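Contents: one structure, followed by commentary.
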Amino acid sequence: LAQAVVPVQDVEQGIVDIEVSSAGTMAPVGLKPTNYALMTTIERGIDISQHTSRILTEQMVNESDLVFVMEYGHMKFIQGLAPRAKKRVYLLKDFGKNGQKGEVADPIGFDLEYYRICYTDLENEIRRILPDIFKKAGKLK
């Protein structure tokens with residue numbers, strides 16, 4: 001869901017020249033989005049039907065400027081996978097101005113309403129941190 005949120009934010013804020021990628025720490029490779037994920041994004045005009053899951057690799061982490069995770073467990077996994085990248089891995093809710101301690105819940109196994117709540121949480125957090133990311137990177141129009 002997070003990868004789906006960013007392009008919408010880019011358009012709204014006039015941001016260009018960013019690459020956003022998504023990979024998991026536990027999901028099997030090649031899974032399509034759940035029906036609830038599809039419904040949640042379609043309601044917002046975003047089509048994620050062609051997305052497939054993939055496993056995060058050490059190379060992906062090492063090639064990234066920043067890595068954002070939703071849960072503490074993801075952070076620990078990545079720090080074990082790519083220890084040199086530790087300073088580039090952030091819990092989404094902790095990053096930037098007005099960061100808060102906490103996780104963005106994983107909606108897998110929950111109902112459609114929970115997916116909507118999770119999407120809104122992701123959207124709010126991404127909206128909050130994008131200006132800080134792009135000001136630092138000099139990527140605002």
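The values are calculated or read from the model by the stated rules, or taken from the named source; none is laboratory data. Note that the coordinates shown come from a computational prediction; the quantities given were computed from them, not determined experimentally. Ideal geometry is used to build each Cβ from the backbone, glycine not excepted, and the neighbour counts take in all protein chains shown. Calculation scope for accessible area: heavy atoms of the full protein, side chains included, ligands and nucleic acids excluded. Shrake-Rupley method; radii C 1.70, N 1.55, O 1.52, S 1.80 Å.
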- Amide H partners (placed H, <5 Å) of Val69, local residues excluded: Tyr90, Leu91, Leu92
- Message: If I compute solvent accessible area with a 1.4 Å probe over the protein chains, what percent of it on the stretch 19-92 is carbon and sulfur?
- Response: 56
- Note on the structure: Placing each pseudo-label 7 Å from Cα in the direction of the beta carbon, Thr120 and Asp106 end up separated by a distance in nanometres of 2.3
- What is the list of residues in the stretch 101-136 whose amide nitrogen lies under 13 Å from a point 7 angstrom out from the Cα of Tyr72, following Cα to Cβ? 101-104
- Set Lys32/Lys86; Lys93/Lys135; Lys97/Lys135, cut-off 20 Å on Cα-Cα distance; pairs above it are Lys32/Lys86
- What are the GluC sites (Glu not before Pro) within the stretch 64-113 that DSSP puts in a loop, where the Cβ has at most 11 other Cβ atoms within 10 Å? none
